[in-house]
Each structure stands twice: as C-alpha cells, then as structure tokens.
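Asker: Dumping the structure here so I can ask a few things about it.
The values are calculated or read from the model by the stated rules, or taken from the named source; none is laboratory data. Just so it is clear, the structure is predicted and the values come from calculations on it, not from any experiment. In this analysis, Cβ positions are derived from the backbone assuming ideal geometry, glycine residues included, and neighbour counts consider all displayed protein chains. Remember, those area values only see protein heavy atoms, side chains included, never the ligands or the DNA or RNA. Shrake-Rupley method; radii C 1.70, N 1.55, O 1.52, S 1.80 Å.
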Amino acid sequence: MDIRTTARTELIDITDLVRTVLKESGIKDGICVISTRHTTSGIIVNENERGLKNDILDMLEALVPENKSYAHNSIDNNAGAHLRAVLLGMSETIPVEDGHLVLGTWQSIFFVELDGPRDRTVHVKMIKS
Ligand code: ZN
C-alpha cells in the first residue's frame, strides 16, 4: 500500500489500512507480515498517543543525533535516518485469528518516517495457516 508522508519524521498509524488488507484477503487464521521497502523508515507497534509519539521521535534524536558527523552523509546526507531505521527494524509480524489481527487494546501499527516527506510503499503479506 502507498503512503504519502508529510514531515521529516513522523509516526503514521496504519492499523486500519492493514485491517482492510486483511479483510480483503479473506484469511481467518494465519500471520500478517507488515514491512517497509525503504532504508530510512521503520515499522513498529505501540500506543497511538500524541505525547508518546513525540517521545519516540525524541528518543530517536537522543540515540542518533541529527547533527553528527556520519560517513554516509558525505554521499547522501541522511545517515541519521538510516541509523534510526536500523534501531526500529523494517517489519512486524502479527498473528491473525478469527479474521482479526491479534493486537492488544492499546497496540497500533505505525509506519515511521525518518527521512520525509516522501511517497512510501508498505508491503502487507498475509500467510494462511
Ligand atoms: Zn542515504
């Protein structure tokens, strides 16, 4: 599925989009793999709360400061985004039971933009069990 991000860094809740893909697949039991096809973005599961979303971005800035001298910046000037993507990982795997994603009440699936704004592609693979 295609996503257009609107900021340099942001968390985009894609849970409803993934649920739509699941519904269209007709799969009742199995696993769902959500992956990003980009090296400067990530996929995570956490709570969709405004303050927490800012905290996550602040944490990434603290762990991987934007204004540091990175080797990759000499050719692409976005090393920080790549390094943050390494920390987040490129996919999440979620069980599917009775046609529903097995997620807790406060769990949402996020696409994390780390070098936006850009047009992005998220791949959702449903595997029937
Ligand atoms: Zn790069």
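Asker: Tell me the residue from Thr36, Thr40 that is within 16 Å of the ligand (Cβ to nearest atom), over 22 Å from His100 (Cβ atoms) and either touching a Phe, Trp or Tyr at 6+ places or on another chain (Cβ under 8 Å) or among the aromatic types (Phe, Trp, Tyr) (or both), please.
Answerer: Sole residue among the options that is within 16 Å of the ligand (Cβ to nearest atom), over 22 Å from His100 (Cβ atoms) and either touching a Phe, Trp or Tyr at 6+ places or on another chain (Cβ under 8 Å) or among the aromatic types (Phe, Trp, Tyr) (or both): Thr36.
Asker: Another question, then. Look through Val64, Val45 and report the one residue that is of a type outside the set (D, E, K, R) and more than 12 Å from the chain's Cα centre (by Cα).
Answerer: Val64
Asker: Restricting attention to segment 70-110, report how many residues are hydrophobic (A, V, I, L, M, F, W, C) and in contact (Cβ under 8 Å) with a residue 24 or more places away in the chain.
Answerer: 12
Asker: Tell me whether segment 111-128 contains one or more residues that are within 14 Å of the chain's Cα centre (by Cα), small (Gly, Ala, Ser) and open to solvent by less than 40 Å² (accessible area, probe 1.4 Å).
Answerer: So far as segment 111-128 goes, yes, one or more of its residues are within 14 Å of the chain's Cα centre (by Cα), small (Gly, Ala, Ser) and open to solvent by less than 40 Å² (accessible area, probe 1.4 Å).
Asker: On the basis of being modelled with pLDDT under 95 and surrounded by 11 or more Cβ atoms within 10 Å (Cβ to Cβ), does Asn77 make the cut?
Answerer: Considered against the rule, which asks whether it is modelled with pLDDT under 95 and surrounded by 11 or more Cβ atoms within 10 Å (Cβ to Cβ), Asn77 comes out as yes.
Asker: Going by the conditions given, is Gly80 assigned to a strand (DSSP E or B), within 16 Å of the ligand (Cβ to nearest atom) and either under 19 Å from Ile127 (Cβ atoms) or touching a Phe, Trp or Tyr at 6+ places or on another chain (Cβ under 9 Å) (or both)?
Answerer: Considered against the rule, which asks whether it is assigned to a strand (DSSP E or B), within 16 Å of the ligand (Cβ to nearest atom) and either under 19 Å from Ile127 (Cβ atoms) or touching a Phe, Trp or Tyr at 6+ places or on another chain (Cβ under 9 Å) (or both), Gly80 comes out as no.
Asker: Look at Ile12 and say whether it is assigned to a strand (DSSP E or B) and either at positive phi or open to solvent by 40 Å² or more (accessible area, probe 1.4 Å) (or both).
Answerer: So Ile12 does not fit the description; no.
Asker: In this structure, is Glu66 more than 26 Å from Ile127 (Cβ to Cβ) and in contact (Cβ under 8 Å) with a residue 12 or more places away in the chain?
Answerer: Yes.
Asker: Under the condition of being within 13 Å of the ligand (Cβ to nearest atom) and under 16 Å from Asp115 (Cα atoms), which residue from segment 49-73 is most open to solvent (accessible area, probe 1.4 Å)?
Answerer: His72
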